[in-house]
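**Student:** To start, I am sharing the structure in question, which I have written as structure tokens.
The values are calculated or read from the model by the stated rules, or taken from the named source; none is laboratory data. Values in this document were obtained by computation on a predicted structure and should not be read as measured data. Heads up, the Cβs are rebuilt from the backbone with ideal geometry, glycines too, and the neighbour counts pull from every protein chain shown.
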Amino acid sequence: MKKIESPAELFEKLQSVKPGSVLCNYSMEQCEKMFPIVEEINALKKERNAVILAHSYVAPEIILTVADYDGDSFKLSQDATKVKEDTIVFAAVRFMGETAKILNPTKNVLIPGPLTGCSLADSITSEEVKALRKKFPEHSFVCYINTTADVKAECDVCVTSSNVMKIVANLENDKILFLPDRLMGANLKNELKEKNVDKEIVLTSGCCYVHEQYDPDLIQFFRKQNPGLLVVSHPECHPGIALQSDFVGSTGQMVEFLQKTNKEAPVLLLTECGLNARMQYEMPDRQFIGSCSMCKYMKSNSLENILETLRHPEKAHSIELDDCVAQKAKKCIDAMFEYAAR
Ligand code: SF4
């Protein structure tokens, strides 16, 4: 996407963003204040031979003004393999930075936000996975990409929300332990059943605190209030949401779906509000209703802390991994690329 080059251009885009939070009401004055920071970041990127990767859930001004690559976990993990620069500033959370480091061990990977966690990634440890391995010795261990490098190192194949169904359906083993998201796992079970794919799936108990909040009982209410409503949800939502949705998919797949649908239909987009913001400025004439669920981890990234990271990379949160863990985790991620390409 072409980067924004003036405060007025930035304001024009951001004034379409109204997901419901005061944090997302942008003024021209704010855009004017942001612009010197944007210019310094873009100059420092060149000076430090750095590149910025940003997840779709971070604040829209980061994506519009300084990000070199943006998108969902799968796209960003592919993008990370193409980076030529020495430093990757990853506006996202720690597990994503770890994936970038595993795929680019010689690069300096820095996370600008102070809250680097994720309720899913933090829900299970490698020790717990080792114990589960003993309990379920015949199962293939499939982990969602939202896991730490330590956890990936103990699993057979990693998946993202865009390829989980394809990979699990194609695994030779019919006994699967899927971790850590119990809601995505329940959605996976339903989808496998619907497609007559017979797999035994064991789940663990993690979930994303953002997607868990959506209440399936409210969908009917929204449909009644908004005739022709399209409900589009992420597979980290409750199965009661997925079953009532017109489309369920990763953030990248949701964008593709919305680009193909009737522009007149109102949309209830059930995922972190960063994607709502992006859709609002990319489709300013479209009606998006309800929903502002913010991830405190993703939103802890800001233009200010990206600038600080580039000014003082030596003080920034840098990803360091044990070689053995990185090699084992890489095998798990490579298995995902291999299965996804089949
Ligand atoms: S939105 Fe949920 S899964 Fe994504 S980083 Fe935040 S807590 Fe983790």
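**Student:** Might you let me know whether the range 182-189 holds any residue that is in contact with a Phe, Trp or Tyr (Cβ under 8 Å, 6 or more places away or on another chain) and of a type in the set (A, V, I, L, M, F, W, C)?
**Tutor:** yes
**Student:** May I ask you to verify whether Leu258 is within 16 Å of the ligand (Cβ to nearest atom), buried (at least 19 other Cβ atoms within 10 Å of the Cβ), outside the structural domain of Ala50 (by TED's automatic domain parsing) and of a type outside the set (Gly, Ala, Ser)?
**Tutor:** Spelling it out, it is not the case that Leu258 is within 16 Å of the ligand (Cβ to nearest atom), buried (at least 19 other Cβ atoms within 10 Å of the Cβ), outside the structural domain of Ala50 (by TED's automatic domain parsing) and of a type outside the set (Gly, Ala, Ser).
**Student:** Let me ask something else about it. Of all strands (runs of 3 or more DSSP E) completely enclosed by the range 143-249, which ones contain at least 1 residues that are not assigned by TED's automatic domain parsing to the domain that holds Ser126?
**Tutor:** Fully inside the range 143-249 and qualifying: 230-233.
**Student:** Any residue at all in the range 295-305 that's among the charged types (D, E, K, R), free of Cβ contacts under 8 Å to residues at least 40 places away in the same chain and not assigned by TED's automatic domain parsing to the domain that holds Glu194?
**Tutor:** no
**Student:** Starting from residues that are within 13 Å of the ligand (Cβ to nearest atom) and touching a Pro at 6+ places or on another chain (Cβ under 9 Å), keep the ones in the range 83-101 and report whichever is farthest from Glu314 (Cα to Cα).
**Tutor:** Ala91
Residue-wise test of (1) within 16 Å of the ligand (Cβ to nearest atom); (2) charged (D, E, K, R); (3) under 25 Å from Ala50 (Cβ atoms); (4) not in a strand (DSSP E or B).
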{"position": "Cys295", "(1), (2), (3), (4)": "yes, no, yes, yes"}
{"position": "Ile306", "(1), (2), (3), (4)": "no, no, yes, yes"}
{"position": "Thr309", "(1), (2), (3), (4)": "no, no, yes, yes"}
{"position": "Glu314", "(1), (2), (3), (4)": "no, yes, yes, yes"}
{"position": "Ala329", "(1), (2), (3), (4)": "no, no, yes, yes"}
{"position": "Asp334", "(1), (2), (3), (4)": "no, yes, no, yes"}
{"position": "Tyr339", "(1), (2), (3), (4)": "no, no, no, yes"}
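**Student:** Residues of the range 102-116 being farther than 12 Å from His317 by Cα and either within 14 Å of the ligand (Cβ to nearest atom) or surrounded by fewer than 24 Cβ atoms within 10 Å (Cβ to Cβ) (or both), which ones?
**Tutor:** Leu103, Asn104, Pro105, Thr106, Lys107
**Student:** Can I ask one more? Mind checking which pairs have a first residue in the range 125-149 that is within 16 Å of the ligand (Cβ to nearest atom) and a second that is part of a helix (DSSP H, G or I) and basic (Lys, Arg), Cβ under 7 Å, 6 or more apart or different chains?
**Tutor:** Cβ pairs passing all conditions: Cys143/Lys152.
**Student:** Name the single residue, out of those in the range 35-68 being touching a Leu at 6+ places or on another chain (Cβ under 9 Å) and within 16 Å of the ligand (Cβ to nearest atom), that is nearest to Val17 (Cα to Cα).
**Tutor:** Among them, the one singled out is Pro60.
**Student:** Assuming Glu256 fulfils every condition listed in (1) in a helix (DSSP H, G or I); (2) in contact (Cβ under 8 Å) with a residue 40 or more places away in the chain; (3) not small (Gly, Ala, Ser) apart from one, which condition is it?
**Tutor:** Exception for Glu256: condition (2).
**Student:** Which is farther than 30 Å from Arg223 by Cα and at pLDDT 95 or above, of His312, His317?
**Tutor:** Unique residue meeting the criteria: His312.
**Student:** Here is a further query. Going through the range 80-96 one residue at a time, which ones are touching a residue at least 60 places away in the same chain (Cβ under 8 Å) and over 13 Å from Val51 (Cα atoms)?
**Tutor:** Ala92, Val93, Arg94
**Student:** Looking at (1) within 16 Å of the ligand (Cβ to nearest atom); (2) in contact with a helix residue (DSSP H, G or I) (Cβ under 8 Å, 6 or more places away or on another chain), find the lone condition where Gln213 falls short.
**Tutor:** Single failed check for Gln213: (2).
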